[in-house]
Amino acid sequence: MRRVIALCCLPLFFTLHTPAQVIQFDSGRRIWLITTAYSSYAMGLTPDGELQHLYWGGPLSRIADLPPAQRRRDISSFDPHQMLENEEYPGWGGPRFYEPALKITRAGGNRDLVLQYVSHRQEGNRLDIELKDIRDPIQVTLHYLAYPDTGILARWSTIHNQTSQTITLESAQSAVWNLPPGAGYYLNYLSGRWGAEDQINREPVREGMKVLESRLGHTGHNLSPWFAIDDGEANEDFGRVWFGALAWSGNWRITVEQTPYQQVRIVGGFNPFDFLYPLNPGESLETPVFYGGFSAHGWGEASRLLHRLELQDIEPHGLQARPRPVLYNSWEATEFNVSEEGQKALAAKAAKLGVELFVVDDGWFGERSSEHAGLGDWYVNPQKFPHGLASLITYVNQLGMDFGLWVEPEMVNPNSDLYRKHPDWVIHFPNRPRSELRYQLVLNLARDDVKEFIFNTLDHLASQYNIRYFKWDMNRIFSEPGWPEVPPNEQRELWVRYVQNLYDIMRRLREKHPNLEMESCSGGGGRVDLGILRYVDEFWTSDNTEAFDRLHIQNGFSQAYAPKLMSDWVTDVPNMNHRSTSLEYRFLVAMQGALGIGANLNKWTEQDNQTATRMIALYKRIRNTIQFGNLYRLLSPWTHDVSAVEYTSQDGKQAVLFVYRHSQEFNTPAPAIRLAGLDPKALYRLESPDGKLQASGELSGAFLMQNGINFRLSDDYDAAAVILHRVDGN
Ligand code: DGJ
């Protein structure tokens, strides 16, 4: 039986086949082949049990075609065979000096580790391979889980200490990805800073090593745990792309290394920086998941495959999740100046516009009237909310909206009751300064008592009140990462245990409150990754809500993360960089993901209200296509004066196009926009809500994709939307 997949990311007339058996094993030649409609991945064993990588790329169907794994010959005493073979998961041992997957020290100081195959288990699309050191019972299980709908492979490892002595892990990586040997590859990655996340970089892969990482304690604004390496000739639609994303919200690292013999190796997992993790006899450590996939159709398909995986297989409710509601958040309007009366007034206005989720941001608790105090004291401020939150929540619910609340549970201001009571609860080194950032310190979530405090605080709020949504913030990086209460050799476990406990709290909260939704925010996009996505419904993309800047940030974000996960607000102008754009333009930018409003509604005119009501109603008609459909980046704001994005719905019945013009010169028409992902034979009725489309009636998919359509975009920061309705009933 063959499984037919209707593809999310190719034109609908395409179907591809995943073989009935995704994982095949040739026991005679000891080769594994993992094949889906999109990609294949192969490994093999040498006669002496070394597990070698054999293939990663487009789909192969015949395992017999693959050459068996074999030992190479030394080239010289400087180039031993171990450095020429693409080992699947090399320990640091023997003459291996490329980036290892695992590096350890035994109790007596012995650091040599050479891993060999012991056994394997296969169940459905999951394969576990056991490796063991050639002498000692130090074992590693390599896990492989194939997702046939996207061809993406989840890889991670579990390291077990079966010896009778403690071993110390110095580097524990999730996986090594080997590219087909050769040169000329290009690395694409996302970098940035607070207020300017997800800027796109593209550079040649050359000999030596490029390091993408966070040492900051959280995922970080500076680099995203994602990569895409292409064959040097790729673009949005063409070319071979190998891509991956590491699912970890703490210190992570991805290295891209090209050896002198044209092997390109991507190694990712826990950041070895300041990492020491002891494993006592019988203990084990599981590494983060490192997802990897392949696209034969450029960066566009690579993104769509990753988006599909995120929506279908990673985020909490999968494809059963409700569409992201239209949200209102008063942070930019009121900052800390929140009150029951003020929030009720904003809620009444938001409800009239069609908002569905009303969120109270920072400032509702403790003595929190500025950044200087209150974090950690999670009781409702009685002056600001004399009736607790209940009266406001009831009011919001009566207006037909859900209620959401901002929290930053991992932090404490020194000026708080919590800190006065538990100064030892923060990450610190004894008798050393405690660096404050935004006047706050980081609670040591690695401690079980802190973990329980945070769980109980949030559980209490979610149990006491009808809270549908937490905006979970985290507003500083780590410093002085000490944990003096545990023995010195365990103190650096903090980096790992902090994140494990964070996930654990989120998991328990979701289990106990199944309707509760969460947003991962860290001063904007500081904690965006596929690890935390298992527990949250969306990400706050950036504190920079200025629309033109956002076009770039959102384009970068979309390389790795699905539009549904991208929280976008319409805010007031001028904002951040003093630029002014029309309300329509701001709405059309924010509609690229999960639409929200963060403006001061008290200042909006009647005309603003009408515009917003119209735009929100429009968004609700197209949001299923935007949030659950397939994204095509037609023209990039990084390279084009006129940029465009298109979304096609899963059933192929609707497509949505947004076009943005940065600036115009007198009488210079905007270029025709050629669509993608349509059925060339189908007819589409064009709807132009703003009347800027210079075409009407029905057009064929072929014409729309080959000739394109034109727009009247005659202003600076001008934008238009088009809805395409498939009319031939298919
Ligand atoms: C940083 C967030 O990114 C903002 O949206 C806002 O919630 C502030 N923190 C509140 O302190």
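The values are calculated or read from the model by the stated rules, or taken from the named source; none is laboratory data. Every value quoted in this text rests on a predicted model; they were computed, and no experiment measured them. Quick reminder, even Gly has a Cβ in these numbers, built from the backbone with ideal geometry, and neighbours come from all protein chains shown.
For the range 514-534, filtered to residues that are without any contact (Cβ under 8 Å) to a residue 60 or more places away in the chain, part of a loop (DSSP other than H, G, I, E, B) and surrounded by fewer than 24 Cβ atoms within 10 Å (Cβ to Cβ), the residue that is nearest to the ligand (Cβ to nearest atom) is Leu516. If we scan the range 163-175, do we find a residue that is over 24 Å from Thr105 (Cα atoms), at pLDDT 95 or above and assigned to a strand (DSSP E or B)? Checked the range 163-175: no residue is over 24 Å from Thr105 (Cα atoms), at pLDDT 95 or above and assigned to a strand (DSSP E or B).
Close Cβ contacts (under 7 Å, 6 or more residues apart or on different chains) running from residues in the range 364-392 that are among the polar types (S, T, N, Q) to residues that are away from the ligand (no atom under 12 Å from the Cβ) and in a helix (DSSP H, G or I) comprise Ser391/Glu340. Among the residues of the range 37-79, the one identified as outside any loop (DSSP other than H, G, I, E, B) and β-branched (Val, Ile, Thr) is Ile63. Pairs linking a residue in the range 667-680 that is surrounded by 13 or more Cβ atoms within 10 Å (Cβ to Cβ) to a residue that is hydroxyl-bearing (Ser, Thr, Tyr), with Cβ atoms under 6 Å and 6 or more positions apart or on different chains, are Ala676/Tyr632; Gly677/Tyr632; Gly677/Thr648. State which residue is nearest to Leu675 (Cα to Cα) when the search covers only the range 686-730 and only residues that are hydrophobic (A, V, I, L, M, F, W, C) and in a loop (DSSP other than H, G, I, E, B). Among residues in the range 686-730 that are hydrophobic (A, V, I, L, M, F, W, C) and in a loop (DSSP other than H, G, I, E, B), the one nearest to Leu675 (Cα to Cα) is Ala695.
Please indicate, with yes or no, whether at least one residue in the range 429-440 is in contact with a helix residue (DSSP H, G or I) (Cβ under 8 Å, 6 or more places away or on another chain) and buried (at least 22 other Cβ atoms within 10 Å of the Cβ). Checked against the condition, which is being in contact with a helix residue (DSSP H, G or I) (Cβ under 8 Å, 6 or more places away or on another chain) and buried (at least 22 other Cβ atoms within 10 Å of the Cβ), the range 429-440 yields no hits at all. Residue count for the range 535-550, restricted to those that are in contact with a helix residue (DSSP H, G or I) (Cβ under 6 Å, 6 or more places away or on another chain) and away from the ligand (no atom under 16 Å from the Cβ): 2. Of the candidates Glu356, Glu335, the single residue that is within 19 Å of Glu519 (Cβ to Cβ) and surrounded by fewer than 18 Cβ atoms within 10 Å (Cβ to Cβ) is Glu335. The residues on offer are Gln383, Gln398, and the sole one that is more than 25 Å from Tyr439 (Cα to Cα) and not acidic (Asp, Glu) is Gln398.
Table: residues versus (1) aliphatic (A, V, I, L, M); (2) within 18 Å of Gln122 (Cβ to Cβ).
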| residue | (1), (2) |
| --- | --- |
| Val22 | yes, yes |
| Phe25 | no, yes |
| Arg29 | no, yes |
| Thr36 | no, yes |
| Ser39 | no, no |
| Gly44 | no, yes |
| Gly57 | no, no |
| Asp74 | no, no |
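Total residues in the range 551-575 satisfying the condition of being within 22 Å of Ser520 (Cα to Cα) and within 15 Å of the ligand (Cβ to nearest atom): the figure is 8. Number of residues in the range 342-369 that are part of a helix (DSSP H, G or I) and closer than 27 Å to Val412 by Cα: the value is 2. Would you mind telling me which numbered condition in (1) part of a loop (DSSP other than H, G, I, E, B); (2) within 16 Å of the ligand (Cβ to nearest atom) Glu485 fails? Condition not satisfied by Glu485: (2).
When Gly388, Gly404, Gly374 are screened for being part of a strand (DSSP E or B), of a type outside the set (Phe, Trp, Tyr), within 16 Å of the ligand (Cβ to nearest atom) and at pLDDT 95 or above, only Gly404 passes.
Taken over the range 186-230, the criterion of being at negative phi, surrounded by fewer than 22 Cβ atoms within 10 Å (Cβ to Cβ) and part of a loop (DSSP other than H, G, I, E, B) is satisfied by Trp194, Val205, Arg206, Glu207, Arg215, Leu216, Asn222.
For the range 354-371, a residue qualifies if it is within 11 Å of the ligand (Cβ to nearest atom) and hydroxyl-bearing (Ser, Thr, Tyr), and exactly one does: Ser370.
To keep it simple, each residue is scored yes or no on (1) part of a loop (DSSP other than H, G, I, E, B); (2) closer than 22 Å to Gly318 by Cα; (3) out of contact with any helix residue (DSSP H, G or I) (no Cβ under 9 Å at 6 or more places or on another chain).
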| position | (1), (2), (3) |
| --- | --- |
| Ile616 | no, no, no |
| Ile622 | no, yes, yes |
| Ile626 | no, yes, no |
| Tyr632 | no, yes, no |
| Pro637 | yes, no, no |
| Val659 | no, no, no |
| Ala670 | yes, no, yes |
| Gly677 | yes, no, no |
| Pro680 | yes, no, no |
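Scanning the range 407-447 for residues that are at negative phi, within 16 Å of the ligand (Cβ to nearest atom) and not hydrophobic (A, V, I, L, M, F, W, C) returns Glu408, Pro409, Glu410, Asn413, Asn415, Ser416, Glu436, Gln440.
Per-residue answers, yes or no, for (1) more than 16 Å from the ligand (Cβ to nearest atom); (2) assigned to a helix (DSSP H, G or I); (3) surrounded by fewer than 22 Cβ atoms within 10 Å (Cβ to Cβ); (4) of a type in the set (D, E, K, R):
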site: Trp299; (1), (2), (3), (4): yes, yes, no, no
site: Arg308; (1), (2), (3), (4): yes, yes, no, yes
site: Tyr328; (1), (2), (3), (4): no, no, no, no
site: Pro382; (1), (2), (3), (4): yes, no, yes, no
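Whenever a residue of the range 458-477 is over 18 Å from Tyr535 (Cα atoms) and within 16 Å of the ligand (Cβ to nearest atom), its partners that are of a type in the set (Gly, Ala, Ser) and at pLDDT 95 or above, lying with C-beta atoms within less than 6 angstrom and at least six residues away or across chains, give the pairs Asn475/Gly523; Ile477/Gly217. Being in contact with a Lys or Arg (Cβ under 9 Å, 6 or more places away or on another chain) and either farther than 22 Å from Glu170 by Cβ or outside any strand (DSSP E or B) (or both) is the filter here; which residues of the range 253-278 pass it? Gln258, Thr259, Asn271, Pro272, Phe273, Asp274, Phe275, Leu276, listed by residue number.
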